[in-house]
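The values are calculated or read from the model by the stated rules, or taken from the named source; none is laboratory data. Predicted model, so just to flag it, every value in this text is computed and none were measured. Note: ideal-geometry Cβ built from the backbone for every residue, glycine included; neighbour counts use all protein chains shown.
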Amino acid sequence: MKESKIFSDSDGAELVKMARKAVSEILRSNSKISDVTFDSKFDFSSGIFVTLNKQNLLRGCIGFPLPVKKLSEGLIDAAISAATQDTRFNPVTIDELDEIVFEVTVLTPPVEIKVKQPSEYLTEIKVGRDGLIVENSYTSGLLLPQVPAEYGWNVEEFLKYTCQKAGLEKDAWKDKNTKISRFQGVIFKEETPNGNIIRESSDDFL
C-alpha cells in the first residue's frame, strides 16, 4: 500500500468527491462511474471504507479491510455499497444526498496483535489510533479507528463492542481462540454535506 502520509489534502478531497459522485451516478442513472484519470492516479491496492452520516447519525458504512482491490475501484464499490447495500438501513435516495456527509478512510493492512495474556490487549491497543478486527471461528467484526473516539470508549469497551460487531459475546476477546488485529487509517470527510473536505488521522499514525 502507498504510505498514507503521502496522501495530500487534495488527494483526500478527490477521494471524497469521487465517493459522492459514484453514489450520485448510481442513484440517478443506475450506472457505475468511470474516470480514467482517477483510476490511473489511485491504481495501487489499499483497504478502504466509505461512511455516510446524516444529521450526525450513521446512514451507511461498507468497505474492504484488506488491500484486495485497487484504491480507485475499491472506493467506488464501497461508496455504492454503503449507500445501497448496507443491510442495517434502507437504500439512500437521491433526495437525501444533500443531507449526507461523506467520509473516506484509507487503511493500512491489518496486523495481528500477539499477546501472552488477554489483559495485554489493554495496553497494546490505543484508542484514536487503532481500528480493530476480531475473528473467532467463522465470524469476524471490524470497527474503524474513529469509532471509539466518537463514542468515548476506553480500550476494554472498544474490544467488547468489536466482539459484539462480530456477533460474539462481549468478553470473547478474552478467549484464546479469538484473533485480534489492528490497523490504522487516514480519514477525509466533508464538514457539511457537499461542503469543505477536511483531513483527520489516527493518533500517531501520520
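When the stretch 131-141 is examined, which residues are found to be over 12 Å from GLU112 (Cα atoms) and touching a Lys or Arg at 6+ places or on another chain (Cβ under 6 Å)?
In the first step, residues of the stretch 131-141 are kept if they are over 12 Å from GLU112 (Cα atoms); the result is 136-141.
Correct list: GLY141 only.
Summed over the stretch 136-147, the residues that are more than 13 Å from the chain's Cα centre (by Cα) and free of Cβ contacts under 8 Å to residues at least 40 places away in the same chain give a count of 3.
To keep it simple, each residue is scored yes or no on (1) among the basic types (Lys, Arg); (2) surrounded by 20 or more Cβ atoms within 10 Å (Cβ to Cβ).
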position: ASP39; (1), (2): no, no
position: SER46; (1), (2): no, yes
position: VAL50; (1), (2): no, yes
position: LYS54; (1), (2): yes, no
position: LEU57; (1), (2): no, no
position: CYS61; (1), (2): no, yes
position: PRO65; (1), (2): no, no
position: GLU73; (1), (2): no, no
position: SER81; (1), (2): no, no
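When you look at GLU157, is it acidic (Asp, Glu), within 20 Å of the chain's Cα centre (by Cα) and either surrounded by 15 or more Cβ atoms within 10 Å (Cβ to Cβ) or assigned by TED's automatic domain parsing to the domain that holds SER10 (or both), yes or no? If you could, list the steps in order and put the result at the bottom.
Details: acidic (Asp, Glu): yes; within 20 Å of the chain's Cα centre (by Cα): yes; either surrounded by 15 or more Cβ atoms within 10 Å (Cβ to Cβ) or assigned by TED's automatic domain parsing to the domain that holds SER10 (or both): no.
No: the conditions fail for GLU157.
Within the stretch 19-66, being without any contact (Cβ under 8 Å) to a residue 24 or more places away in the chain, within 17 Å of the chain's Cα centre (by Cα) and in a loop (DSSP other than H, G, I, E, B) holds for one residue alone: ASN56. Give the stretch 136-172 a look and list any residue that's hydroxyl-bearing (Ser, Thr, Tyr) and at positive phi, or say none. Selection gives SER137 alone.
For every residue, the table says whether it meets (1) without any contact (Cβ under 8 Å) to a residue 40 or more places away in the chain; (2) farther than 15 Å from ILE62 by Cα; (3) loosely packed, with under 14 Cβ neighbours inside 10 Å; (4) touching a strand residue (DSSP E or B) at 6+ places or on another chain (Cβ under 6 Å).
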{"site": "ASN90", "(1), (2), (3), (4)": "yes, no, yes, no"}
{"site": "ARG129", "(1), (2), (3), (4)": "no, yes, no, no"}
{"site": "VAL134", "(1), (2), (3), (4)": "no, yes, no, yes"}
{"site": "ALA166", "(1), (2), (3), (4)": "yes, no, no, yes"}
{"site": "PHE183", "(1), (2), (3), (4)": "no, yes, no, yes"}
